[in-house]
Amino acid sequence: MGFLGQFYRTYALDFWGFGESGKKQPTFEVHDFVSMVDQFMERLGIARAPLVGHSMGGSVSLSVTIQYPDRVSKVVVIGSPIVGSSLALLLKLAGYNWIAALVFHTMWALRFGLRVTGPIISKDPHFYEMMERDLSRTTLESFFLSISSLRNTDLRPLLPQITVPTMGMYGDKDVIVHPKQWQPLQAGIPRARIERFKQAGHFIMLDEPDAFQKTLKDFLDDSSQTS
């Protein structure tokens, strides 16, 4: 946001149950967030814009592009699952209610696990502090219900409907989402631009910030990449 904000008017949307958005929702499924993006743009008078999403945010961005094609001029996904089965095993298990309840009652174990695995997930030394801050602003219900919905998502049959310029950015060392999820993206959208980062994991913007920022800005600036 700090980087792109120098060149574009940018907006960061917190999904329901996350960040500064409301925590009381009947469901926290992917299709709820897709509708939320459409409503967000409508309320702010944003007729059409590029969408950039990381992880589940990228899956939602692709879904918005499919369901509301007039809203999106370009779409970028970063470490995003195209097929929910590509999630790491622990995340897939977290989508089951009894496991979610177990984690909820042993939050100390989740935090300890993040501290131990932090260096594997991201090279950024501040990764754990960032995740700790985000966890404190997220309800366990919203997190696990959204993961459960994402686990059952499969965008492959719908990808051919996307006609706007598309870019997928994937880290070869991703341990959260299978690093080869660029393959179904490219298979569904043959003209999609695929950028792989050999030294990055799930958080490319933290692991290779300079290369990430340049690649993203180049794609957004490219006037030939218009629908």
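In straight-distance terms, cross-link reach from Lys214 covers every one of the aspartates and glutamates whose alpha-carbon lies under 14 Å from its own, apart from those fewer than eight places away in the same chain; here that gives Glu195, Asp222. When you restrict to C-alpha pairs under 8 Å that are six or more residues apart and normalise by the size of the range 1-96, the relative contact order lands at 20 percent.
The stretch between His31 and Asp172 holds 47.9 nm of extra length on full extension. This uses 0.36 nm per residue minus the Cα-Cα distance. The 3J(HN,Hα) values that the Karplus relation (6.51, -1.76, 1.60; θ = phi - 60°) gives for the range 202-211 are, in residue order, 6, 9, 4, 5, 8, 7, 9, x, 5, 5 Hz. Gly and Pro appear as x. Projecting label points 7 angstrom from Cα along Cα→Cβ for Arg196 and Lys180 puts them 1.0 nm apart. Counting neighbouring Cβ atoms within 10 Å and putting the fewest first, the residues Asp221, Asp207, Asp70 line up as Asp70, Asp221, Asp207.
No value in this document is a laboratory result; all are computed from the given coordinates. As the structure is a computational prediction, the values presented were derived from the model and not from experiment. Cβ coordinates were reconstructed from backbone atoms using ideal geometry, including for glycine residues, and neighbour counts include every protein chain displayed.
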